[in-house]
Amino acid sequence: MSKYNLIFFIVFLCLGLRPSAFTNLNTLSFEESLSPLFGDGNLVRSPDDLSVRLLLDKYTGSGFISSNMYQHGFYSSMIKLPADYTAGVVVAFYTSNGDVFEKTHDELDIEFLGNIKGKPWRFQTNLYGNGSTHRGREERYRLWFDPSKEFHRYSILWTPHKIIFWVDDVPIREVIRSEAMGADYPAKPMSLYATIWDASDWATSGGKYKANYKYAPFVAEFKSFSLDGCSVDPIQEVPTDCSDSVDFLESQDYFSINSRQHAAMRRFRQRFMYYSYCYDTVRYPEPLPECVIVPAEKDRFKETGRLKFGGTEARGRRRSRRQQRSEIESDPDERRRF
């Protein structure tokens, strides 16, 4: 460890903090970890093979898939989204095994839902287990920054015990496995996917605003890929022992959420989550078993799981993006302590 890095680490220890959970990720080239999925010329790899651009035009979208399937894992990439008018455009970063288990597939989603020019990108997370698509577990949010201006890291952790969705160093959603979930908890090997496609029929205001190809091509950029997990053949007769891989995942910083990150997650969910299935009593009169009902969150939502009129989302729009970003990523409790 260099003198500079040692000083940097000691400062973090003295502050009671720890370095970012993603400081020392093992990043891979496209050739090492990924393969084209569809789109032919609309998938453009960089000369050094460390990044890729996915394009959507009026003819086709594009996408890539991991070269292997993984039994549990950590999936991460730096992503920059299209700018300007993006209504109807969906950029997805997700895991799935639908090509192998068509009727009983598992899935973990981060889906970016475009918007009309001048309005912020919105996005959702979701999970399915064993084909439980009739029990959607969606949460929808806004971001506290403009994801088309620069790259940000988006990550999914999936272990036998928990699932965490991350944006940069902020955990935005944690799902602790409940025995009552049964097969609804994703359990079969999955591949990583990234795609851009036209979802004009539903993505923006329920399909009110369509993709406008005057602004094409729509370009999503990906780099700094990280895939850690147990590579398996999902149909092999003798299952692979993945215990060492799970132990590795559970030893990493991104497996646990420290007090600073918990505070950031709470602030994010209070200010930027505008739909949660856990508070949607129309769909689910009784919350699904993994739901943790937070009174402060519940009070913000209608019976439909959507924000009440004039809630904190509206107030949040009146603050500058720089102020909102600072509020999410900083921890006032830590500042007061020192």
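The values are calculated or read from the model by the stated rules, or taken from the named source; none is laboratory data. Quantities reported herein were computed from a predicted structural model and do not represent experimental measurements. We place every Cβ from the backbone using ideal geometry, glycine too, and count neighbours over all the protein chains shown. The accessibility values were calculated without ligands, DNA or RNA, using every heavy atom of the protein model including side chains. Shrake-Rupley method; radii C 1.70, N 1.55, O 1.52, S 1.80 Å.
Report whether or not Leu108 is hydrophobic (A, V, I, L, M, F, W, C), touching a residue at least 24 places away in the same chain (Cβ under 8 Å), open to solvent by less than 20 Å² (accessible area, probe 1.4 Å) and touching a Leu at 6+ places or on another chain (Cβ under 8 Å).
Yes, satisfied.
If you go through segment 181-201 one residue at a time, do you hit one that is among the acidic types (Asp, Glu), touching a residue at least 24 places away in the same chain (Cβ under 8 Å) and assigned to a helix (DSSP H, G or I)?
yes
If you check Ser231 against the conditions, is it touching a Phe, Trp or Tyr at 6+ places or on another chain (Cβ under 9 Å), open to solvent by 50 Å² or more (accessible area, probe 1.4 Å) and not acidic (Asp, Glu)?
yes
Among Tyr275, Tyr279, which is the only one that is without any contact (Cβ under 8 Å) to a residue 60 or more places away in the chain, in contact with a Lys or Arg (Cβ under 6 Å, 6 or more places away or on another chain) and not small (Gly, Ala, Ser)?
The conditions single out Tyr279.
What about Pro171, is it touching a Cys at 6+ places or on another chain (Cβ under 9 Å), surrounded by 19 or more Cβ atoms within 10 Å (Cβ to Cβ) and of a type outside the set (S, T, N, Q)?
No.
Specify which of the listed residues (Pro47, Pro19) is more than 27 Å from Asp198 (Cα to Cα), modelled with pLDDT of 95 or more and outside any helix (DSSP H, G or I).
Of the residues listed, the single one that is more than 27 Å from Asp198 (Cα to Cα), modelled with pLDDT of 95 or more and outside any helix (DSSP H, G or I) is Pro47.
Scanning segment 253-296 for residues that are closer than 28 Å to Gly182 by Cα and part of a helix (DSSP H, G or I), which turns out least open to solvent (accessible area, probe 1.4 Å)?
Result: Tyr254.
Would you confirm whether any residue within segment 143-151 is assigned to a strand (DSSP E or B) and of a type outside the set (Lys, Arg)?
No - not one qualifying residue is present in segment 143-151.
Being more than 17 Å from Met273 (Cβ to Cβ), part of a strand (DSSP E or B) and open to solvent by less than 10 Å² (accessible area, probe 1.4 Å) narrows it down to one residue among Ile156, Ile163; which is it?
Ile156
Going by what's in this entry, would Asp247 be described as at negative phi, open to solvent by 20 Å² or more (accessible area, probe 1.4 Å) and at pLDDT 95 or above?
Judged against the criteria, Asp247 is a match.
Just name the residue that is modelled with the lowest pLDDT out of those in segment 298-329 that are open to solvent by less than 90 Å² (accessible area, probe 1.4 Å) and touching a strand residue (DSSP E or B) at 6+ places or on another chain (Cβ under 7 Å).
The residue in question is Glu313.
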